[in-house]
Amino acid sequence: MRKRRKTTEDQLIRERIHLSARLSEVAPQVKRIEINLQFADDGDIAFQRPRLDAQICGPQSASVFYFKCDNRECVHGGHDISAAIWNAINERGPDARGEHVCDGWQDRERVGQYRCLCRLRYVADVTYFDPT
Ligand SMILES: [Zn+2]
């Protein structure tokens, strides 16, 4: 049985998300964000059997949108798609979509040599409260 190591880095990220402002504080116009995620390792073929995830965010959700890398051995990686989602929110856009490549390292033995390169495809649909 292999479990993801609990690192200080993981704790810092959790803390950062936990301490981040709630959506209602920084973007009270946002009603809901539905984020659909597709994880795959390097190479397109992997997307044929991707891991799929979905997350629904509401006003009480964190304003940081960070997702762990799908590679359990990954070191210093992860997917922070906050900037893309915030661009959409700032323009009151209906969605943010794109691909994010993990820039962590493949595993502990390959730190400094091989990048992780796991990929995340995301589609975040943003719904707003009607302006009053
Ligand atoms: Zn990674």
Any chance you could list P(r) for the range 21-128, counting all Cα-Cα pairs in 5 angstrom bins from zero, rounded to whole %?
-> 2, 13, 22, 21, 16, 13, 8, 5, 1, 0
Distance in nm between residue 76 and residue 99 label points, each 7 Å along Cα→Cβ, equals 2.4
Counting only residues 5 or more places away or on other chains, whose amide H sits under 5 Å from the amide H of residue 67 once H atoms are built in the peptide plane?
-> 79, 80, 81
Residue among 98, 77, 58 with the largest mean-square fluctuation in a Gaussian network model of the chain, springs linking Cα atoms under 10 Å | 98
Relative contact order of the chain, pairs being alpha-carbon contacts under 8 Å that are 6 or more residues apart, as % | 28
Mind checking the dipole of the range 21-128: about its Cα centre, +1 per Lys or Arg Cβ, -1 per Asp or Glu Cβ, Debye to the nearest 20?
-> 200
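Using r as the Cβ-Cβ distance of residue 128 and residue 16, and R0 as 22 Å, what FRET efficiency do you calculate, to the nearest 0.05?
Working: r = 26 Å, r/R0 = 1.16.
Calculated value: 0.30.
Can you compute the helix-only [θ] at 222 nm over the chain? Use -39500 (n - 2.57) per DSSP H run of at least 4 residues, normalise by all residues, nearest 500 deg cm²/dmol. Don't jump to the answer; show the numbers that get you there.
Details: 3 runs with 25 residues, N = 132.
Here the helix-only value at 222 nm equals -5000 deg cm²/dmol.
Each reported figure results from applying straightforward, stated rules to the coordinates on display, with no laboratory input. None of the values given here were measured: they were computed from a predicted structure. With ideal geometry, Cβ positions are generated from the backbone for all residues, glycine too; neighbour counts draw on all protein chains shown.
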